[in-house]
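Working notes, beginning with the structure itself.
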There are 2 protein chains.
Amino acid sequence: MPKHIDHEQRREQIAEALWRVVEQEGVAQVSVRRVAQEAGLAVGSLRHVFPTRADLLEFSTELMLRRATERIRQVTPHEDIEEYACEVLEHLVPLTPASRIEFAVNLALYAEAPSVSQIGVLRDRAQHALQEGCRLLARRLGVPDVRVELEARRLHALVDGLALHLSGSVDAAEAEWAREILAAEVHRLHAAAAE
Amino acid sequence: MPKHIDHEQRREQIAEALWRVVEQEGVAQVSVRRVAQEAGLAVGSLRHVFPTRADLLEFSTELMLRRATERIRQVTPHEDIEEYACEVLEHLVPLTPASRIEFAVNLALYAEAPSVSQIGVLRDRAQHALQEGCRLLARRLGVPDVRVELEARRLHALVDGLALHLSGSVDAAEAEWAREILAAEVHRLHAAAAE
DNA sequence: AAGATATTAGCACGACTGTGCTAATACGTA
DNA sequence: TACGTATTAGCACAGTCGTGCTAATATCTT
């Protein structure tokens, strides 16, 4: 029997190389050769794991969404519901370098959605999941049922808008504003519910 | 003297062809040749007006921002400040096919920012202008000075988040939700100011 | 009508793309 | 040690890319 390497691990290593290229040079520079080089692999080796460019893009997108989901899931439920909500929401917005790259990759790969249809499917699924998460959060904050849908959609838009703004700059002041806005929104939802 | 065509008009014609390509096939398909074909021109003719690809992308981005700015500027100030605010904000969100394409192009071209640095400059300028507009709107709605910055940033994020969500689908129901969310936010800002 | 020239058309080059394919390599088993 | 094969490396092809460049075209002035 020959050498046997962990395919999944290899895939993730390559996907992370792709992320670096997207972040540093833009999605336009993402080619099979460039990603292989960034990963320190020969093109042939990369293609042994990702036969086509579409496979590569699809997995890279999926892994990014999976990582983000996992990061959110690991936020331990606080007793203070407002604090917990803020903590969750702050993971959805690129406040740290890691999540900033994540969102930039997310956005950039969406630009490829028209040519790689599977990415569009992943995007829609992620958007749906995020909206469901916002609904859950709104309910937990005590928003009355009749207002949950509106407030959830609003919260979702707010989060993605902040993410969009932060994805451009790494300014610490901008990050602080984002935190403040999220806290204000969470407080508004909770306070209105207490009436 | 030879034939003399309107350069500006020609430029706009080409930029609009680029937009169509971005919308229908994604930014990855934008090449000098493809855009020339879409515009019904020879590559040489296109390059007579846009010497390089970067020039083409830069102008297309700039024109899009200019058109959007002009559209907003033409909203006549209502007497009802809430109605006026809503009307302005609804122009910032891709509710109509035209503005939907506009935002899609906007988003897609941002993906090229790392390779065409001038696009990054335009993006930052547009973002800054939009934020200033939000500040102005917040003030006109009567938001107290100490809260203007926070509320303006929140409004800006909300608008861009809604835009991001709407850019994917053309669902009429989604558009209605966006209108409702914007109206609610405008009302909240105005109502809180009345206290 | 004739000349001048802005405009258009398009060839050509080198670099890059994705992918089919074969040869070399390295490693676990027998 | 030697075999077999998973893995790696990389060549090759057809296509597209941006762009430098020249030749043809079309139109306005004289």
Kindly evaluate B:Gln24 against the criterion of being open to solvent by 40 Å² or more (accessible area, probe 1.4 Å), polar (S, T, N, Q) and either within 14 Å of DNA strand C (Cβ to nearest atom) or more than 14 Å from chain A (Cβ to nearest Cβ) (or both).
no
Out of curiosity, is A:Phe103 of a type in the set (Phe, Trp, Tyr), over 29 Å from A:Asp171 (Cα atoms) and in a helix (DSSP H, G or I)?
no
In region B:41-74, how many are in contact (Cβ under 8 Å) with a residue 12 or more places away in the chain and within 16 Å of DNA strand C (Cβ to nearest atom)?
9
Return yes when B:Ile101 is more than 19 Å from A:Ala178 (Cα to Cα), hydrophobic (A, V, I, L, M, F, W, C) and surrounded by 19 or more Cβ atoms within 10 Å (Cβ to Cβ) and no when it is not.
yes
Sole residue being touching a helix residue (DSSP H, G or I) at 6+ places or on another chain (Cβ under 6 Å), within 18 Å of A:Ile72 (Cβ to Cβ) and at pLDDT below 95, chosen from A:Leu122, A:Leu162
A:Leu122
Among the residues in region B:32-48, are any small (Gly, Ala, Ser) and at pLDDT below 90?
no
Filter region A:121-130 down to the residues that are within 10 Å of chain B (Cβ to nearest Cβ) and surrounded by fewer than 17 Cβ atoms within 10 Å (Cβ to Cβ), then identify the one that is farthest from B:Arg179 (Cα to Cα).
A:Asp124
Residues in region A:83-92 that are within 17 Å of A:Glu70 (Cβ to Cβ) and open to solvent by less than 50 Å² (accessible area, probe 1.4 Å): how many?
3
Hey, can you tell me all the residues within region A:75-87 that are over 24 Å from A:His128 (Cβ atoms) and free of Cβ contacts under 8 Å to residues at least 60 places away in the same chain?
A:Thr76, A:His78, A:Glu79, A:Asp80, A:Glu83
Residues within region A:132-167 that are surrounded by fewer than 17 Cβ atoms within 10 Å (Cβ to Cβ) and at the interface with chain B (Cβ under 9 Å from one of its Cβ atoms), tallied:
2
If I go through region A:27-49 residue by residue, how many of them are crowded, with 17+ Cβ neighbours inside 10 Å, assigned to a helix (DSSP H, G or I) and more than 14 Å from chain B (Cβ to nearest Cβ)?
6
Could you grab me the full set of residues in region B:50-82 that are within 12 Å of DNA strand D (Cβ to nearest atom) and either surrounded by 15 or more Cβ atoms within 10 Å (Cβ to Cβ) or assigned to a helix (DSSP H, G or I) (or both)?
B:Phe50, B:Arg53, B:Ala54, B:Asp55, B:Leu56, B:Leu57, B:Glu58
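The values are calculated or read from the model by the stated rules, or taken from the named source; none is laboratory data. Note that the structure is a prediction, hence the values are computed from the model and not measured. A quick note on method: Cβ atoms are made from the backbone with ideal geometry, for glycine too, and the neighbour counts reach across all protein chains shown. What goes into the accessible areas is simple: the full protein's heavy atoms, side chains included, and nothing from ligands, DNA or RNA. Shrake-Rupley method; radii C 1.70, N 1.55, O 1.52, S 1.80 Å.
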